[in-house]
Amino acid sequence: MNNIRLSKSSISDLEKKAVLKVLEKEYLGMGEEVKQFEEKIKAYLKTDMQVVCVNSGTAALHLALSTLGLKYGDEVLVPSITYVASFQAVSAVGATPIACEVNPDTLFIDTNDARKRITKNTKAIMPVHYASSSKGMEDVYSLAKEYGLRVIEDAAQAFGSMRNNSLIGQEGDIICFSFDGIKNITSGEGGAILSNDKKLINKIKDARLLGVEKDTEKRYSSQRSWDFDVFEQGFRYHMSNIMAAIGIVQLDRINEFRNKRQSIATNYINALKNIHEIDVLDFNFCDIVPHIFVVKADRRNELREYLLKNNIECGIHYKPNHMLSKYKVDHRLPISEKIYEKILTLPCHFDLTDIEQDTVMQKVKEFYEK
């Protein structure tokens with residue numbers, strides 16, 4: 001039997017044709033397609049916020065933090081259970097990521113724990129929309145308002161998901177999306193930053209193009225600046241037309257992606273609800289587009305080994321960052337550490353067949369019935 005994949009890109013002939021069209025134009029860098037993708041994202045989200053596309057979700061986080069002026073000695077509150085990209089983006093600007101506990105039911109940042117870790121050096125809080133859910137954001141914004149903190153929403157996994165009947169990205173301080181190969185929509189690699197802070201957005205537009213002042217408008221029209229000035233540190237973080245062309249088509253397919261991923265989540269919930277050794281995260285799956293489907297499982301390592309032996313890929317999202325050598329801390333985070341021993345990610349992607357998902361659910365049941 002072929003491996004049942006944990007995740008994968010779903011690329012149709014439409015994406016291939018869109019890329020071929022860009023190749024035929026022979027202008028592969030940042031240009032008209034990038035501008036069009038930004039406009040389509042803005043229209044889809046029905047937002048007044050400005051949209052800036054970059055070459056990865058990590059670049060989006062790094063640019064947001066960098067253009068806020070964060071530096072050595074500053075601190076950013078981050079949930080410990082997240083992909084290391086969140087922590088790397090903070091340390092890349094010289095600031096210190098402060099690992100915080102998560103809510104055990106949602107794996108979203110625990111604002112009560114975060115409050116205890118606020119110091120005079122705390123400048124921002126970076127909630128991570130774990131497994132596409134942002135349940136708890138109201139508490140984050142309340143805490144940020146109380147202490148005068150900027151909020152960078154790491155919404156890498158949450159494109160197309162909703163909060164309070166609004167699409168994530170419709171409002172907020174700074175929102176960062178990822179469009180890498182296995183996200184809810186992909187542009188191959190890629191990301192986006194959204195904000196109503198016009199001064200910040202203008203800095204980000206320059207910073208993604210190596211700090212070249214006002215180069216964005218030139219690039220949109222397939223030109224570039226020759227006589228220019230640079231005032232701030234910049235990076236080569238712009239999105240290419242090839243990436244944008246894929247993203248444009250994927251955005252047109254978002255409803256079919258949503259329906260399939262929500263159906264997968266519903267099937268898992270119905271099949272696993274009577275297995276006492278399995279807990280499903282406390283999400284409203286009607287509101288989110290599940291990028292990953294995570295459960296908390298007793299005897300996780302044994303279950304994982306059993307599934308792998310049966311050609312079923314599964315993952316662990318994620319090892320707490322405070323347990324990594326670079327980000328070790330003096331204090332323990334017992335909730336995160338306990339949850340880490342239980343979390344397991346089951347296959348969830350657009351091309352997962354009913355037969356494949358039935359096999360996954362059957363093998364999980366078999367394991368606990370042994």
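What the table below lists for this structure:
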{"quantity": "Cβ-Cβ under 6 Å pairs, at least 6 apart or on other chains, segment 250-267 side surrounded by 15 or more Cβ atoms within 10 Å (Cβ to Cβ), far side modelled with pLDDT of 95 or more and among the charged types (D, E, K, R)", "calculated": "LEU251/LYS40"}
{"quantity": "Some residue of segment 76-94 being within 17 Å of ILE193 (Cα to Cα) and either of a type in the set (Ser, Thr, Tyr) or touching a strand residue (DSSP E or B) at 6+ places or on another chain (Cβ under 8 Å) (or both)", "calculated": "yes"}
{"quantity": "Some residue of segment 334-346 being among the aliphatic types (A, V, I, L, M), under 27 Å from SER12 (Cβ atoms), at pLDDT 95 or above and surrounded by 13 or more Cβ atoms within 10 Å (Cβ to Cβ)", "calculated": "yes"}
{"quantity": "Subset of segment 197-215 (residues that are touching a residue at least 12 places away in the same chain (Cβ under 8 Å) and not in a loop (DSSP other than H, G, I, E, B))", "calculated": "LYS198, LEU200, ILE201, LYS203, ILE204, LYS205, ASP206, ALA207, LEU209, VAL212"}
{"quantity": "Residues that are assigned to a loop (DSSP other than H, G, I, E, B) and either touching a residue at least 40 places away in the same chain (Cβ under 8 Å) or within 13 Å of PRO347 (Cα to Cα) (or both), drawn from segment 277-290", "calculated": "GLU277, LEU281, ASP282, PHE283, ASN284, ASP287, ILE288, VAL289, PRO290"}
{"quantity": "Enumeration of residues in segment 160-196 that are β-branched (Val, Ile, Thr), farther than 18 Å from LYS35 by Cβ and part of a strand (DSSP E or B)", "calculated": "ILE174, ILE175"}
{"quantity": "So LEU107, is it buried (at least 24 other Cβ atoms within 10 Å of the Cβ), at pLDDT 95 or above and more than 13 Å from the chain's Cα centre (by Cα)", "calculated": "yes"}
{"quantity": "Residue match in segment 296-303 (condition: under 24 Å from the mean Cα position of the chain (by Cα) and either of a type in the set (Ser, Thr, Tyr) or at pLDDT 95 or above (or both))", "calculated": "yes"}
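The values are calculated or read from the model by the stated rules, or taken from the named source; none is laboratory data. What you see is a predicted model; the values in this text were computed from it and never measured. Note: ideal-geometry Cβ built from the backbone for every residue, glycine included; neighbour counts use all protein chains shown.
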